[in-house]
Each structure stands twice: as structure tokens, then as C-alpha cells.
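**Q** To start, I am sharing the structure in question, which I have written as C-alpha cells.
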Ligand SMILES: *[C@@H]1O[C@H](CO)[C@@H](O)[C@H](O)[C@H]1NC(C)=O
């Protein structure tokens, strides 16, 4: 029968006298020798060193790439703001601020016209005099050499206004011109209210449009959620927008202080401004 020799062959011992299992056993002994305690130690040490090296390299690479991708405050500022003499003197910093979005509780800035309300707005720096921008940095901050300058005999430089403070000045004028405030300020007849009505109207609409452009320029991409509220006697709660949201804000007060400290003198001589030089642009009317 054909099946018998096959069966025999698989059970015979090999010719050199070693039994198959003995060969296997010898091999096992050799590999056991290779895997002796010392070798394992070295291998483990090598692996750990390799691991640490790879780990450190990856860590350093991540930090380097992150530092490329996370721009510094200064490089953000350069992308989001016009050049400014202010950044020569102070750091623009950012912090989280909760807006007061109360609908019914009026803080001092929004109450009906009064000396207290005016003082609160004044304290924001809305009526500061122009600042002086040194001649050397004029060009760097966007001031052309044929723009108005202080007479060289008084030290030169450019009279200028911080835009943010001008925008707040504008918002204050809108406040003063509100239908429920305007009589109060007309009566006082100060600032913009010294002008004839048609000029005041231009001033107010100029201010409105400057604020429009600024709000669009730095358009706020945060979102306003809604909350439930129930007035006394209401059976069911109603939904209402919650305007008390978190914002990332600049250090306004430091900037205000800078503008306060850099104001031109209160009283200046008649010839304080350098007259236009030949070739300087002279506009045909108010721009
Ligand atoms: C907002 O201001 C009003 C008036 O000063 C005050 O009553 C209210 O508590 C403030 N709300 C928040 C959320 O700070």
C-alpha cells in the first residue's frame, strides 16, 4: 500500500543520528545564548536612546514649525494695523474683556446728557489736542513730507491725531446729536455746536460714516447667542439676545495715556506751523 512508506518516512530519525527534536533544541539553545542578559540590556539602551533622540527631534521640529505658524503680536499688528508712532513707545497687548451689553441698565456713557456723562466721555480722551509725531518717523507712519509740519524753530514734526481717539470723538458727537440730547448741547454751544447747523450736519454725517467704515474694516466675527428670560407675571419665558459677550481687546488706556502725553502745547505761537514750501500740495478745498 502506498500510504505506509510515507507514514514511515515521517517518523524515522535522521541519518546523522540526531533526532529532529534534538536539532530544534540545539537551535533554541543558540538563540538563548544570543539573547543573553547583557545583549538585551544593550539593545534596550540603544532603543531608548533612539527613542529619546527621535522624540527630541520631533519636539524641536514641532516647536520650530509652531513658531513659524503662530505669528508674534508684533507681526499680527503689522498685518492688522497701519504703522503707528505709538508702537515705538509701548506694546500693544491683548486681553479678554466682557462687554457690557445690558439692554435696560444704562451705564454712564449712555445716560441722558449731563456734566457727569460729559466728564466720563472726556476721560476717554475724546477731546485731546493733536499729538506731535517726530519728523524722522513721519514717513514710516504714513505722513508725507508735504503734510503740515511744526515750524523748525519750534522743533518740527507733524501734528497728528490718533485715529481711534478721533473715532471715539465722532461717536461722542453722534451721542450729543441724538434727538433727546441735541437741545442740551445746542444750548451749551461748545465744540461742534459752535458751527452753523449745515456745518454741524456735515460734521455729524462725517462722523457717522467714519464709524461705519471702521466697524466694517475690523468687522467683528464673534456671535451673539440668546437667553431665556421671564418678566414678572409672564407665564412662559421669552428669548432675548445676550449682548454680554467676551472680546479680545487692546490696551485702550495705555494708548489713551500715550495720546494724552504727546499732545501739542495748549498755547502755541502764531508762527507755530511751518508755511507750505514751494511744490507742496495745496488742496482746492477741504478733502
Ligand atoms: C452693565 O452696566 C450696568 C450699568 O452700569 C450694570 O447695572 C450692569 O450690572 C452691567 N452688566 C454687566 C453684565 O456687567
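**Q** Round to the nearest 10 and give me the degree value, 0 to 90, for the angle of helix 197-217's Cα axis relative to the longest principal axis of the chain.
**A** 0 degrees
**Q** Given points 7 Å out from each Cα along the Cα-Cβ axis, report the residue 247 to residue 196 separation in nanometres with one decimal.
**A** Result: 3.8 nm between the two label points.
**Q** Could you order the peptides 61-68, 242-249, 151-158 from most to least packed, using the average number of other C-beta atoms within 10 Å per residue? It would help to have the intermediate numbers written out before the result.
**A** Working: 61-68: 9.6, 242-249: 12.1, 151-158: 14.9.
Packing proxy ranking, top to bottom: 151-158, 242-249, 61-68.
**Q** Tell me what the chain gives for mean residue ellipticity at 222 nm when only DSSP H runs of n ≥ 4 count, each as -39,500 (n - 2.57), the sum divided by the residue total, rounded to 500 deg cm²/dmol.
**A** Details: 11 runs with 131 residues, N = 287.
Rounded to the nearest 500, it is -14000 deg cm²/dmol.
**Q** Moving to a separate point now. Once you keep just the Cα pairs under 8 angstrom separated by 6 or more residues, what percentage relative contact order results for the chain? List each step's numbers first, then the result.
**A** Values: 214 pairs, mean separation 69.3, N = 287.
Rounded, it is 24 percent for the chain.
**Q** Å³ per residue of the Cα convex hull, for the chain?
**A** It is 452 Å³ per residue.
**Q** Okay, next question. Could you sort 188-201, 45-58 so that the peptide with the highest average Cβ count within 10 Å comes first and the rest follow in order? It would help to have the intermediate numbers written out before the result.
**A** On the way: 188-201: 12.4, 45-58: 10.0.
Going from most to least packed, we get 188-201, 45-58.
**Q** Here is a further query. Just report the Cα centroid separation between the stretch 42-95 and the stretch 252-287, whole Å.
**A** Measuring centre to centre over Cα atoms gives 41 Å.
**Q** How big is the gap, in Å, between the Cα center of the stretch 190-206 and the Cα center of the stretch 132-188?
**A** 16 Å
**Q** Treating the angle as unsigned and between 0 and 90°, give the value, to the nearest 10°, between the Cα long axis of helix 20-34 and the longest Cα principal axis of the chain.
**A** The angle comes out at about 40 degrees.
**Q** Is the shape of the stretch 86-212 best called rounded, prolate or oblate, per the rule: a/c under 1.5 gives rounded, else a/b larger than b/c gives prolate, else oblate, with a ≥ b ≥ c the square roots of the Cα gyration tensor eigenvalues? Walk me through the intermediate numbers first.
**A** Numbers: a/c = 2.44, a/b = 1.47, b/c = 1.66.
It comes out oblate by the Cα gyration axes.
The numbers here are math on the coordinates, done by the rules we state, and not lab data. These numbers were taken from a predicted model, which means no experiment stands behind them. So basically every Cβ, Gly included, is an ideal-geometry build from the backbone, and we count neighbours across all protein chains shown.
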